[in-house]
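Student: Provided herewith is a single structure, encoded as structure tokens, for subsequent inquiry.
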Amino acid sequence: MQLKQVLANGKKGGLNVGAVLIFPEGFELAPPDHISPDYRPDKKNILVIGPVPGKKYSEIVFPILSPDPATKKDAHFLKYPIYVGGNRGRGQIYPDGSKSNNTVYNATSTVDASDGRQVIDIIPPGPELLVSEGESIKLDQPLTSNPNVGGFGQGDAEIVLQDPLRVQGLLFFFASIILAQVFLVLKKKQFEKVQLYKMNF
């Protein structure tokens, strides 16, 4: 990953990545020596990773354990939904709602350079200025470039918890069908030979 993000101190640095994965109840993460800490101790089916360096973690693997219906009565051999979200880069706002230095800063009012009135918009270090001193500015005009190189994506998929006996039964069924087809072909060949013999007799 060659992209650089604006860091909290205003300098450019490596791009961070992260992810969240939500499994159905009963599914859980693999043992702690294989993974990051749980999202919450009582929610073993939710995992949050990050932020971690994107250069080192261009691919994230989630080791999971499925529930065993033989030991857990609320687990069944069914199709279950999985929800996943991934992000890269820093956020554009902080949890309190204030802007980070990783977003566009717009003018909060219209300013005409000739009237001498001053309006102060505080811009943190990091974003590049698009306006210069003495320039007339309109309301909501971008004052800085957009340094954000991040993004967020989400998706859902399904996972099937399959009974091994069902799979073995299906394989046995397929094998019996193949054998039946082979025996039918052999019987047909035998019948054709008998017919040919009778015709030549």
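The values are calculated or read from the model by the stated rules, or taken from the named source; none is laboratory data. This one's a predicted model, so the numbers in the text were calculated from it and none came from an experiment. Glycine also receives a Cβ, built like all others from the backbone with ideal geometry; neighbour counts cover every protein chain displayed.
Student: Which of the residues that make up segment 137-157 are surrounded by 10 or more Cβ atoms within 10 Å (Cβ to Cβ) and over 15 Å from THR108 (Cβ atoms)? Spell out the reasoning first.
Tutor: Residues of segment 137-157 that are surrounded by 10 or more Cβ atoms within 10 Å (Cβ to Cβ), as a first pass: 137-150, 152-154, 156.
Passing the criteria: SER145, ASN146, PRO147, ASN148, VAL149, GLY150, PHE152, GLY153, GLN154, ASP156.
Student: Of the residues LEU161, LEU129, LEU143, which single one is at pLDDT below 90, more than 30 Å from LEU15 (Cβ to Cβ) and touching a strand residue (DSSP E or B) at 6+ places or on another chain (Cβ under 8 Å)?
Tutor: Working: LEU129 fails: more than 30 Å from LEU15 (Cβ to Cβ); LEU143 fails: more than 30 Å from LEU15 (Cβ to Cβ).
That would be LEU161, the only listed residue that is at pLDDT below 90, more than 30 Å from LEU15 (Cβ to Cβ) and touching a strand residue (DSSP E or B) at 6+ places or on another chain (Cβ under 8 Å).
Student: Take the conditions hydrophobic (A, V, I, L, M, F, W, C), free of Cβ contacts under 8 Å to residues at least 24 places away in the same chain and in contact with a Phe, Trp or Tyr (Cβ under 6 Å, 6 or more places away or on another chain) and apply them to ILE159. Does it pass?
Tutor: no
Student: Here are the criteria: (1) over 30 Å from ILE82 (Cβ atoms); (2) without any contact (Cβ under 8 Å) to a residue 40 or more places away in the chain. Tell me which single one THR144 does not satisfy.
Tutor: (2)
Student: Does GLY26 satisfy being more than 30 Å from GLU128 (Cβ to Cβ), at pLDDT below 80, among the small types (Gly, Ala, Ser) and buried (at least 17 other Cβ atoms within 10 Å of the Cβ)?
Tutor: Working: more than 30 Å from GLU128 (Cβ to Cβ): yes; at pLDDT below 80: yes; among the small types (Gly, Ala, Ser): yes; buried (at least 17 other Cβ atoms within 10 Å of the Cβ): yes.
Yes, satisfied.
Student: Another question about this same structure. Restricting attention to segment 154-201, and to residues there that are assigned to a strand (DSSP E or B) and in contact with a Lys or Arg (Cβ under 9 Å, 6 or more places away or on another chain), which single residue is farthest from GLY89 (Cα to Cα)?
Tutor: Taking segment 154-201 as the starting set, the residues that turn out to be assigned to a strand (DSSP E or B) are 154-160.
From what's left, in contact with a Lys or Arg (Cβ under 9 Å, 6 or more places away or on another chain): 158-160.
Working: GLU158: 28, ILE159: 29, VAL160: 33 Å.
Checking each candidate, the answer is VAL160.
Student: PRO95 - would you say it is in contact with a Ser or Thr (Cβ under 9 Å, 6 or more places away or on another chain), part of a loop (DSSP other than H, G, I, E, B) and either under 23 Å from GLY10 (Cβ atoms) or outside the structural domain of PRO24 (by the TED database) (or both)? Show your work before the answer.
Tutor: Details: in contact with a Ser or Thr (Cβ under 9 Å, 6 or more places away or on another chain): no; part of a loop (DSSP other than H, G, I, E, B): yes; either under 23 Å from GLY10 (Cβ atoms) or outside the structural domain of PRO24 (by the TED database) (or both): yes.
Answer is no for this residue.
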